[in-house]
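Notes follow the structure.
FYI, it's all coordinate maths here, none of it is from the lab. The structure displayed is predicted, hence computed values, not measured ones. Note: ideal-geometry Cβ built from the backbone for every residue, glycine included; neighbour counts use all protein chains shown.
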Amino acid sequence: MRAISAVVYREYLIRITSLTWIFFDLAVPLLYLLMFGVAFDKALGQGILIGGRSVSYNAFFLAGVLSMTSFGNALNQSYGFFIDRDNGILYEFLTYPMTRGEFLLGKILFQCGMTVFQSVLTIGFGAILLGITVPWHLLFFVFVAMMVGTAGWFFLLATVAFLIRRNDTFTTVINVTYFVLMFLSSVFYPLDRVPTWLRAISVVNPLTWHADVLRYLTVGIGSFESVLIESASFILFSLFSFWLAVRTLQNTI
Amino acid sequence: MIKSDKAIEVENLVKVYAKRNRQPIRAVDGLTFAVQRGQIFGLLGPNGAGKTTTIKVLTTLLTPTAGSARVLGYDVTSKPLDVRKQICVVVQENAIELHLSVRNNFRVFGRFHGLSSGEIEKRTDRVSELFDLRSHINEKGLDLSGGLKRRVQVAKTFLVDKPIVFLDEATTGMDTFNKRTTVQAIREESRKGRTIVLTTHILDEAEVLCDSVAIMNHGRLIAHGSVESVKAAGLRLLSLSLSFDQVTDSILEQIRFHNPTSIEVRNTTVDVTVREETAALDLLAAVRHHGHLLHFEITAASLEDVFVQLLDKKAGAA
């Protein structure tokens with residue numbers, strides 16, 4: 001636990017050196033919702049029909065923004081490995097008295113805190129400015145889902161960062177992959193009217209699982225059973241990613 | 001619990017870097033040596049000898065391909081965390097948090113090594129005094145010169161009391177003053193019973209600092225023991241410094257006739273290294289008849305002379 005708290009302390013010290021960084025970190029999801037969401041909401045006019053219910057696009061898109069936030073935070077944090085490696089400090093860290101798992105958990109724990117702050121801001125301002133009605137009693141589970149989502153993606157992206165030695169290659173690979181994953185998921189639109197091939201791919205996309213769980217928790221769309229399966233699938237994906245990241249960190253430095 | 005009286009034991013250590021579509025590189029090839037507790041031990045060798053790879057294995061950054069390595073009795077492969085609890089390391093890379101102040105660099109390092117906040121502040125004062133970092137304590141890593149960054153990196157390891165300190169090319173980029181400070185700090189820590197393992201290209205530094213050394217080349221050990229025993233390792237090299245009123249061709253011819261291992265002419269002084277005492281005395285007698293010898297000095301060869309000789313011998317054998 002001491003080692004994990006030391007990593008969190010280090011992340012905190014680095015983050016508070018740039019208030020601009022913190023501001024944009026916190027504000028980006030909200031800006032996404034206000035600009036992208038509002039534009040689509042107006043374009044679609046009457047909102048969208050899903051599972052026999054009509055919801056505003058803003059309400060639908062809230063879960064998409066939150067799942068993108070988790071992915072974005074995980075991406076930012078995994079990109080930090082390139083900076084640490086270039087500074088040489090990564091090698092020194094790995095000689096400190098902690099396991100590789102503790103190091104990775106500490107790295108993501110701070111980012112999970114940031115994720116919860118971003119969620120509070122996004123959901124809060126979404127409710128105030130856009131009139132999105134959120135079941136407040138489920139808010140705790142939203143935060144848990146956000147943290148698990150951030151951690152799961154971080155472990156996977158960290159694995160890629162350890163394997164790819166060049167940061168420009170990493171950025172290209174991840175941007176292309178993310179682009180494909182986003183549009184092959186339920187982040188931007190409901191999947192019940194998309195072509196069968198797209199839906200078939202989407203159901204095995206962890207981004208879909210995460211967005212669906214968040215959508216159920218924020219606007220109540222989806223069935224409890226399917227959300228339960230998707231939650232379990234995402235947790236398994238996160239645990240596998242964690243195992244993979246630890247193993248890769250042990251073998252590739 | 002510390003399990004061994006030896007600080008480090010390395011047996012038949014092999015590390016092979018296998019890269020796709022490339023020939024595997026045998027960076028460490030059957031290395032065996034031991035370091036006693038409380039010693040200052042120098043791992044020496046030319047670039048690419050396998051020193052840093054050996055240090056990386058000992059500090060659990062790399063897993064060995066074959067053989068074994070133990071740090072205070074803990075195996076680096078099966079007990080890496082126990083090993084890491086016994087060590088602190090100055091890695092070859094410049095490792096400093098660029099966005100943090102020097103003070104916060106110390107704070108982070110201290111936290112990782114289990115020091116309380118009060119203890120960190122107290123030790124930061126001592127270490128920043130020792131390494132003359134007081135005036136830089138609130139500067140960010142980003143704003144420090146290369147030498148200062150290295151100084152902070154080395155200073156961090158003296159913040160904690162780990163029994164074994166690894167210094168991989170620790171004085172690289174430091175000016176003379178900082179080197180001297182670092183060398184003094186290393187000596188002091190060693191006197192407290194800490195084991196210091198260092199790699200360096202600066203053999204004079206190793207010679208004055210180390211209790212024992214191991215010389216590596218192409219991943220293999222070519223000499224190991226106390227500095228004196230390595231210097232005497234069957235080579236019996238002697239250095240002669242000969243000062244004349246002028247250095248003539250006939251003097252140089254006489255010197256070459258005695259098969260020196262090295263000759264260096266500096267104005268009216270010739271530095272020569274020869275094998276065996278008899279060769280030194282014969283050479284001295286010979287040059288006296290070919291020039292006006294003003295001054296001479298015969299000393300045991302330096303570690304650097306032995307190092308060069310050992311590497312030449314190995315290269316010749318290969």
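Residues of A:83-89, mean number of Cβ from any other protein chain within 10 Å of their own Cβ, rounded to a whole number? Don't skip to the answer; put the middle values down first.
Details: counts 2, 2, 1, 2, 9, 8, 11.
So the per-residue partner count for this stretch is 5.
When Cβ neighbours within 10 Å are restricted to other protein chains, what is their mean count per residue of peptide B:54-65?
2
Under 10 Å from the Cβ of B:Val91, count the other residues' Cβ atoms, weight Lys and Arg +1, Asp and Glu -1, and hand me the total.
Local charge sum for B:Val91: -3.
Tell me the angle of helix A:167-183 to the major Cα principal axis of chain A, expressed in degrees between 0 and 90 and rounded to the nearest ten.
20
As an exercise, take the mean of 1/r over every pair of distinct alpha carbons in segment A:151-214, invert it, and state the Kirkwood radius in angstroms.
Across segment A:151-214, the inverse of the average 1/r is 12.8 Å.
Taking each residue in A:95-107, count the Cβ atoms of any other chain within 10 Å of its Cβ, then average. What number comes out?
Neighbouring Cβ atoms belonging to other protein chains average 4 per residue here.
For segment A:176-253, count the residues as N, evaluate 2.2 N^0.38 Å, and divide the Cα radius of gyration by that value, please.
Compactness ratio reported: 1.26.
For chain A, find the longest principal axis of its Cα atoms and tell me its angle to the long axis of helix A:139-163, 0 to 90°, nearest 10.
50
If you bin the C-alpha pair distances of the protein assembly as shown every 20 Å from 0, what whole percents do you get?
Final binned percentages: 18, 39, 27, 12, 4, 0.
Under a no-solvent Debye model with one identical scatterer per Cα of segment A:124-253, what's log10 I(q)/I(0) at q = 0.09 Å⁻¹?
Taken in order of the listed q values, log10 I(q)/I(0) reads -0.31.
Give me log10 I(q)/I(0) at q = 0.10, 0.11, 0.12 Å⁻¹ for segment B:49-191, Debye formula, one equal scatterer per alpha-carbon, no solvent.
Log-scaled intensity ratios, in q order: -0.35, -0.42, -0.50.
Per the helix-only calculation at 222 nm, which mean residue ellipticity applies to chain B, given -39500 (n - 2.57) for every DSSP H run of n ≥ 4 and division by its residues, nearest 500 deg cm²/dmol?
Taken over chain B, the calculation gives -11000 deg cm²/dmol.
Measure nothing but the geometry: give the 0 to 90° angle between the long axis through the Cα atoms of B:176-191 and the longest principal axis through the Cα atoms of chain B, rounded to 10°.
70
Using Cα centres only, tell me the gap between segment A:1-52 and segment B:71-113 in whole Å.
33
Would you look at the GNM of chain B, springs on alpha carbons closer than 10 Å, and say which of B:Asn217, B:Asn105, B:Asn21 moves the most?
Comparing B:Asn217, B:Asn105, B:Asn21 in a Gaussian network model of chain B, the most mobile one is B:Asn21.
To the nearest 0.05, how large is the calculated FRET efficiency for B:Val16 and B:Thr172 if R₀ is 30 Å and r is the Cβ-Cβ distance?
Working from the Cβ atoms, E equals 0.65.
At 10 °C and 1.306 mPa s, grab the translational diffusion coefficient of chain B from Stokes-Einstein with a Kirkwood Rh over Cα pairs, rounded to a whole number in µm² per second.
Details: Rh = 21.7 Å.
Result for D is 73 µm²/s.
Could you give P(r) for segment B:237-300, binned at 5 Å from zero, as whole percent values over all Cα-Cα pairs?
Percent of pairs per bin, in order: 4, 20, 38, 27, 10, 1.
Using a Gaussian network model on chain B with a 10 Å cutoff between Cα atoms, which of B:Gly42, B:Gly173, B:Gly219 fluctuates the most?
Fluctuation is largest for B:Gly173.
May I ask you to derive the relative contact order of chain B, considering only C-alpha pairs under 8 Å and at least 6 residues apart, and to give it as an integer percent?
RCO, chain B: 19 percent.
List A:Phe240, B:Phe112 from most exposed to least, where exposure is judged by having the fewest other Cβ atoms within 10 Å. Mind showing how you got there, number by number?
Details: A:Phe240 13, B:Phe112 26.
The order, fewest Cβ neighbours first, is A:Phe240, B:Phe112.
Sequence gap at least 6, Cα distance under 8 Å: using those rules, report the relative contact order of segment A:36-89 to the nearest whole percent. Can you show the working numbers first?
Details: 22 pairs, mean separation 13.0, N = 54.
Relative contact order of segment A:36-89: 24 percent.
In a GNM of chain A with a 10 Å cut-off on Cα contacts, which of A:Ile89, A:Ile235, A:Ile50 has the highest mean-square fluctuation?
Largest GNM mean-square fluctuation: A:Ile89.
Using Cα pairs closer than 8 Å and at least 6 residues apart in sequence, work out the relative contact order for segment B:32-191, in percent.
Relative contact order of segment B:32-191: 25 percent.
What is the log10 of I(q)/I(0) for chain A, computed with the Debye formula using one identical point scatterer on each Cα and no solvent, at q = 0.13, 0.14 Å⁻¹?
-0.82, -0.94
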